[in-house]
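The values are calculated or read from the model by the stated rules, or taken from the named source; none is laboratory data. This one's a predicted model, so the numbers in the text were calculated from it and none came from an experiment. Reconstructed Cβ throughout: ideal geometry from the backbone, glycine too, with neighbour counts over all protein chains shown. When the accessible area is computed, the model is the full protein with side chains, heavy atoms only, and any ligands, DNA or RNA have been set aside. Shrake-Rupley method; radii C 1.70, N 1.55, O 1.52, S 1.80 Å.
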Amino acid sequence: MKKLFFAQIVVVTTLVAGQSAFAQEKELQFGKDPIKEIVKKMSLDDKVRVVVGKGFSMPGMTLGSNDKTPDKMPTISGHTIPNPKFGIPSIGMADGPSGIHRFVMTKKDSADNLFSTAWPVGTLLASSWDTALVRKVGIAFGSEIKSYGLDFILGPGVNIHRNPLGGRNFEYYSEDPLVSGSMASAIINGIQSQGVGATIKHFAANNQETDRASVNEIISERALREIYLRNFEIAIKRSQPWAVMSSYNLVNGTYTSESRDLLTTVLREDWGYKGLVMSDWFGGKDAAAQVYAGNNLMMPGNPTQVKAITEAVKSGKLSEAELDKNVEAVLNVLVHTLTAKNYDYPNKADLKGDAQISREAAAESMILLKNGENALPIKKSGATIALFGNHGYDLIAGGTGSGDVNKPYVVSLNEGLTNAGYKLDDALAQNYKAHLADYAAKHPKKSLMQELMNPTPFAPEYKFDAASAGQKADASDIAIIYIGRNAGEGNDRKVADDYELTSLEKDMITSVSDAFHAKHKPVIAVLNIGGVIDVTSFRDKVDAILLAWQPGQEGGNAIADVLSGKVNPSGKLATTFPESYNDVPSAKNFPGKEFPEKATQGMMGKVIPAEVVYQEGVYVGYRYFNTFKVKPAYAFGYGLSYTKFSFSNLTLSNAAFNGKITATVTVTNTGSVAGKEVAELYLSAPHKSMDKPSEELKGFAKTKELKPGESQTLSFTLDSKSLASFDTAQSAWVADAGEYKVKIGASSEDIKLEKSFNLTKSITVEKVHKALAPQVSIDELKAK
Ligand code: BGC
């Protein structure tokens with residue numbers, strides 16, 4: 001596909017205009033001449049049209065345009081405004097973290113096979129604890145983005161799993177900032193190795209969907225620095241994403257997109273960020289304040305923002321020098337895009353090859369939560385299986401909203417098991433399929449925008465006839481009970497009938513497990529969910545539980561790979577499963593308090609100001625469960641294998657810390673099949689003035705596939721920042737003197753080996769700017 005870009009048009013024009021005009025125009029060419037010089041020659045209007053996007057139009061919704069040229073790709077999330085005079089093209093951005101999202105696939109798009117691979121969602125990828133695997137996904141993902149001529153992907157999403165009900169948790173990696181930041185940098189480095197840009201989002205503290213555009217998140221400086229910013233910090237330093245997307249919410253009283261503390265002081269000055277910052281779609285209120293803050297690009301952009309910024313500069317409210325910094329930040333990144341380089345994209349991707357990578361990544365990341373009596377892997381080849389649960393026939397590849405993907409197909413577990421050579425109870429399958437078809441006919445899809453923000457709920461669980469359970473148990477060797485959950489942007493989940501199982505699901509589990517157990521046949525639960533659910537109500541009723549999260553388009557094949565033993569599970573939880581929702585430390589502060597009397601009318605309906613206080617402070621996830629000795633259902637870092645491992649020979653490079661310390665540990669496969677294990681390094685720091693979690697994850701490493709009897713020595717390096725906590729009074733990362741315990745675990749509560757080292761003198765590891773202080777005092781949870 002050959003495209004003629006503005007750069008070429010300008011050169012042609014100037015050639016006919018004569019030699020001196022040519023020399024003059026040549027000086028101004030984007031991609032050839034220094035951006036600073038180009039900016040110097042830009043009018044105010046030229047500049048404003050760099051920092052505001054092209055506008056938003058999608059089927060059923062047009063919200064004002066800043067430029068009348070046709071969109072390069074009409075069905076993606078956003079474009080920048082072209083400027084023919086300087087040869088600046090319009091560049092395109094598409095969602096989202098788990099594959100490319102187009103608002104619509106036209107008939108022609110489908111005929112041309114312009115689908116994208118649905119990768120496993122972020123939470124599943126993180127459960128691999130394998131950054132090399134995640135990087136491999138990133139490379140394949142980046143190559144698809146490039147093949148379709150897109151410049152930026154609007155992902156990864158990295159917000160912390162603060163609460164199980166967070167509607168977008170599936171898009172995000174973990175409750176822990178090290179896991180989250182490591183996964184994010186692995187995928188970003190993979191994506192960007194293909195010459196396209198990643199956009200890390202949503203910066204910062206977008207940890208709930210309720211009132212997402214109006215909620216003020218009140219968080220201590222320490223919890224911000226150690227938890228909610230730390231993952232971004234790790235990813236930004238390790239991968240320099242081309243773009244950062246600010247979030248919708250406010251942090252400590254200011255919209256993140258209007259917060260100079262966040263976008264300039266912390267992001268650029270403390271962390272050395274070099275890329276561009278864009279707003280979330282329609283995020284923030286005051287465009288001039290956004291420019292001043294360093295939110296370099298307003299997306300998708302509307303004429304009101306153009307006007308507001310122009311007037312602010314003309315009136316002196318915003319200096320032109322501030323605007324220039326933003327213009328340069330945008331152009332400095334855009335110049336590297338494929339479009340700016342006039343890349344002739346094939347508009348064809350290797351969907352077959354990528355599907356294999358998606359399947360591999362999904363199977364390698366799934367977590368075996370329970371395996372009583374070694375029910376798994378399925379022993380008998382060609383076993384007969386009764387598959388219960390709607391979603392066993394209708395896999396949930398990923399969540400809804402901008403995180404949804406235009407995938408070519410989805411493999412259900414029913415299909416995956418059949419492909420693997422098992423025989424499924426056909427009559428049961430027909431019942432489920434008829435139930436799903438009937439529901440779909442009675443609940444036609446709503447408009448595109450309505451479906452995006454408020455998807456049609458799934459069919460209720462098929463009412464399984466308990467009286468026939470005995471018959472099913474006679475006819476099949478194994479029962480699989482499949483539980484599905486979905487969510488997405490715009491809405492958080494609820495406790496009843498979502499976090500908790502529905503009564504139809506509970507009845508199904510009871511009747512199926514009673515019937516199959518009466519015949520001494522195993523019952524296996526498969527969880528195809530986007531966020532944490534209650535497991536305590538059913539875990540004793542089933543023999544094995546496989547947590548598949550939302551595994552992407554090849555999910556059914558990947559689940560079958562693990563159930564059959566073709567792949568030995570090696571995933572570990574990147575987020576805690578509590579015994580009860582009320583055990584979650586943020587439960588009493590989620591989703592916060594609303595002020596309906598202050599409601600205003602927004603673009604998408606009523607906007608209700610709200611606030612939420614992060615009273616749990618740094619005690620998020622296992623940091624809370626471990627420190628306060630609250631037993632979870634399944635701990636952070638936990639996951640079983642079909643083999644067994646031993647940990648031995650923990651060695652520290654020094655008895656005293658001297659700038660860095662290296663720990664090595666040997667992992668041995670002591671079981672009878674090949675498998676991989678994750679070693680997790682937790683550190684317990686001495687308490688002086690600061691209250692600290694009992695231990696925190698400071699490193700992790702996964703073995704290669706170890707044959708029975710085989711060993712591998714893994715090594716971890718701790719630098720001084722790994723020892724430090726954030727001391728608010730000093731605005732500094734400080735490592736207290738004293739004894740540090742290195743704990744190597746197979747989960748956060750299954751510590752296998754422990755050794756100590758000493759820090760003889762406290763160190764101020766890093767001094768940062770005072771920023772983002774809350775305006776009210778927070779009654780923060782303390783361990784002591
Ligand atoms: C979402 C972003 C997304 C953007 C563009 C917003 O509603 O919060 O994650 O990238 O839309 O589609």
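Summary table
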quantity	calculated
Cross-chain or 6+ apart pairs with Cβ under 9 Å, the stretch 50-78 first and closer than 9 Å to G301 by Cβ and among the hydroxyl-bearing types (S, T, Y), then within 16 Å of the ligand (Cβ to nearest atom) and not in a loop (DSSP other than H, G, I, E, B)	S65/G55; S65/F56; S65/S57
Scope the stretch 351-367; condition surrounded by fewer than 23 Cβ atoms within 10 Å (Cβ to Cβ) and out of contact with any helix residue (DSSP H, G or I) (no Cβ under 7 Å at 6 or more places or on another chain); matching residues	L351, K352, G353, A355, Q356, E360
Filter pass, R493 being within 27 Å of the chain's Cα centre (by Cα) and under 25 Å from E175 (Cβ atoms)	yes
Cβ-Cβ under 8 Å pairs, at least 6 apart or on other chains, the stretch 287-303 side closer than 15 Å to D324 by Cα, far side in a helix (DSSP H, G or I) and within 14 Å of the ligand (Cβ to nearest atom)	Q290/S257; A293/S257; N295/S257
Those helices (runs of 4 or more DSSP H) lying entirely in the stretch 65-168 with at least 1 residues within 16 Å of the ligand (Cβ to nearest atom)	122-126, 131-147
Yes/no for D95 being under 29 Å from L318 (Cα atoms), at pLDDT 90 or above and either hydrophobic (A, V, I, L, M, F, W, C) or open to solvent by 10 Å² or more (accessible area, probe 1.4 Å) (or both)	no
Residue in the stretch 753-767 that is within 31 Å of the chain's Cα centre (by Cα), over 30 Å from A701 (Cβ atoms), in contact (Cβ under 8 Å) with a residue 12 or more places away in the chain and open to solvent by 60 Å² or more (accessible area, probe 1.4 Å) present	yes
Near pairs, Cβ below 9 angstrom, 6+ apart or cross-chain, from the stretch 337-361 (under 27 Å from S90 (Cα atoms)) to any residue that is open to solvent by 50 Å² or more (accessible area, probe 1.4 Å) and among the hydroxyl-bearing types (S, T, Y)	T337/Y343
Test: Q194 is more than 16 Å from the ligand (Cβ to nearest atom) and not β-branched (V, I, T)	yes
Enumeration of residues in the stretch 533-553 that are open to solvent by 10 Å² or more (accessible area, probe 1.4 Å) and under 18 Å from F170 (Cα atoms)	D534
From the options E209, E226, residue that is touching a residue at least 60 places away in the same chain (Cβ under 8 Å) and over 22 Å from E594 (Cα atoms)	E226
Residue in the stretch 623-641 that is within 20 Å of P177 (Cβ to Cβ), touching a strand residue (DSSP E or B) at 6+ places or on another chain (Cβ under 8 Å) and outside any loop (DSSP other than H, G, I, E, B) present	yes
Matching residues, the stretch 460-517, being within 16 Å of the ligand (Cβ to nearest atom) and either in contact with a helix residue (DSSP H, G or I) (Cβ under 6 Å, 6 or more places away or on another chain) or open to solvent by 40 Å² or more (accessible area, probe 1.4 Å) (or both)	G488, E489, G490, N491
Helices (runs of 4 or more DSSP H) contained in the stretch 351-458 and holding at least 2 residues within 16 Å of the ligand (Cβ to nearest atom)	448-453
Every pair of residues 6+ apart whose Cβ atoms lie under 9 Å, when the first sits in the stretch 446-466 and is small (G, A, S) while the second is part of a loop (DSSP other than H, G, I, E, B)	S447/P59; S447/G60; A459/D394; A459/H443
